[in-house]
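Reading through the structure tokens given below for one structure.
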Amino acid sequence: MTEEFPDFAAIAQEAARDLLADINLQSQVIAREHDLKTKLLVWDNIIEHLNTLVAENSPQHRLLLSVVDKLTQIRDLIESYEVGELRFVSEEKAIAKKLSSDIGHRNWRLVKIEEQVLKKREKKFEKLEIDELKELKKQFFELGTLIEKSKAIKIKPTDTRTSLEKFKNEEEYYFLQIWRFASAYMRIISNLVTKEEILLRRIK
């Protein structure tokens, strides 16, 4: 009987698609409600496959280790919020109506859902504070910059390729997906910071 092994390449490709699902990459806006913590878990399949693609002690491997370190920092930050989910959800209609239509992501908010509340199958949303959003934005910015500025891999912000088959080196595709993820979420969270600051001024 032949032992079957998982197709790690296929798993990584599916993970890359899941990573960027729920986001409109062209306009860098949220397309659907989703849990950010789940997205960060999806990364593990990509990281594991990348580790098999790049040679140990190569510049690409050192970049991968730096990416893993930054991912760990982002996860630790989110865990410090003591949440079961960190979820993008629709903003209250009354709040959205008060905001100018040109404010990015006025129809969305990023909320914390406590673990114990999840177990009771209830939904208790608590918005992230502005300082929490700013720290999260900083982490995604640093991750994107880490990849974009690295000499180990060539990342072009204007690159529109989405198919793995169009890449000469498979690792370039996966690093690009991680960069796209980091850049999109940095922009999304930046817009949420602006929105919350405007709301705070209006409340005062």
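The values are calculated or read from the model by the stated rules, or taken from the named source; none is laboratory data. Note that this is a predicted model, so its numbers are computed, not measured. Quick reminder, even Gly has a Cβ in these numbers, built from the backbone with ideal geometry, and neighbours come from all protein chains shown.
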For residue 80, indicate whether it is in contact with a Phe, Trp or Tyr (Cβ under 9 Å, 6 or more places away or on another chain), of a type in the set (S, T, N, Q) and modelled with pLDDT under 95.
no
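With the structure loaded, tell me whether residue 109 is modelled with pLDDT of 95 or more and more than 13 Å from the chain's Cα centre (by Cα) or whether it fails that test. Break it down stepwise before answering.
Working: modelled with pLDDT of 95 or more: no; more than 13 Å from the chain's Cα centre (by Cα): yes.
Answer is no for this residue.
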Of the candidates 181, 125, the one satisfying the condition of being closer than 27 Å to residue 76 by Cα and at pLDDT 90 or above is 181
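Would you check which residues across the stretch 47-97 are in contact with a strand residue (DSSP E or B) (Cβ under 7 Å, 6 or more places away or on another chain), part of a loop (DSSP other than H, G, I, E, B) and crowded, with 17+ Cβ neighbours inside 10 Å and list them?
Looking only at the stretch 47-97, we keep the residues that are in contact with a strand residue (DSSP E or B) (Cβ under 7 Å, 6 or more places away or on another chain), and these are 78, 81, 83-91.
Narrowing the set further to residues that are part of a loop (DSSP other than H, G, I, E, B) leaves 81, 83-84, 91.
Across the stretch 47-97, the qualifying residues are 83, 91.
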When both residues are 6+ apart or on different chains and their Cβ atoms are under 6 Å apart, which pairs have a first residue that lies in the stretch 35-57 and is under 13 Å from residue 177 (Cβ atoms), and a second that is modelled with pLDDT under 90 and in a helix (DSSP H, G or I)?
49/8
Among the residues that make up the stretch 156-178, is at least one of them of a type in the set (D, E, K, R), within 21 Å of residue 28 (Cα to Cα), outside any helix (DSSP H, G or I) and touching a residue at least 12 places away in the same chain (Cβ under 8 Å)?
yes
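The rows are residues; the columns are (1) touching a helix residue (DSSP H, G or I) at 6+ places or on another chain (Cβ under 6 Å); (2) under 18 Å from residue 197 (Cβ atoms).
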site	(1), (2)
101	no, yes
119	no, no
124	yes, no
131	no, yes
135	no, yes
174	yes, no
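Consider the stretch 135-150. How many of its residues are of a type in the set (S, T, N, Q) and farther than 17 Å from residue 171 by Cβ?
Let us first name the residues in the stretch 135-150 that are of a type in the set (S, T, N, Q), namely 139, 145, 150.
Narrowing the set further to residues that are farther than 17 Å from residue 171 by Cβ leaves 139, 145.
Counting residues in the stretch 135-150 that are of a type in the set (S, T, N, Q) and farther than 17 Å from residue 171 by Cβ gives 2.
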Taking residue 92 and the conditions (1) more than 22 Å from residue 26 (Cα to Cα); (2) touching a residue at least 40 places away in the same chain (Cβ under 8 Å), which numbered condition does it fall short on, given that it satisfies the others?
(2)
Only one of (1) within 20 Å of residue 20 (Cβ to Cβ); (2) without any contact (Cβ under 8 Å) to a residue 12 or more places away in the chain; (3) among the aliphatic types (A, V, I, L, M) fails for residue 110. Which number is that?
(2)
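Say we look at the stretch 98-114 and pick out the residues that are assigned to a loop (DSSP other than H, G, I, E, B) and of a type in the set (A, V, I, L, M, F, W, C); which of these is nearest to residue 40 (Cα to Cα)?
103
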Return only the number of the condition from (1) at pLDDT below 90; (2) part of a loop (DSSP other than H, G, I, E, B) that residue 150 does not satisfy.
(1)
Quickly run through the stretch 25-38 and pick out the residues that are farther than 14 Å from residue 186 by Cα, of a type outside the set (A, V, I, L, M) and either surrounded by 12 or more Cβ atoms within 10 Å (Cβ to Cβ) or modelled with pLDDT of 85 or more (or both).
32, 33, 34, 35, 37, 38
Please work out if residue 110 is crowded, with 18+ Cβ neighbours inside 10 Å and of a type in the set (A, V, I, L, M, F, W, C).
yes
Quick check, is residue 17 charged (D, E, K, R), closer than 24 Å to residue 150 by Cβ, out of contact with any Asp or Glu (no Cβ under 9 Å at 6 or more places or on another chain) and modelled with pLDDT of 95 or more?
no
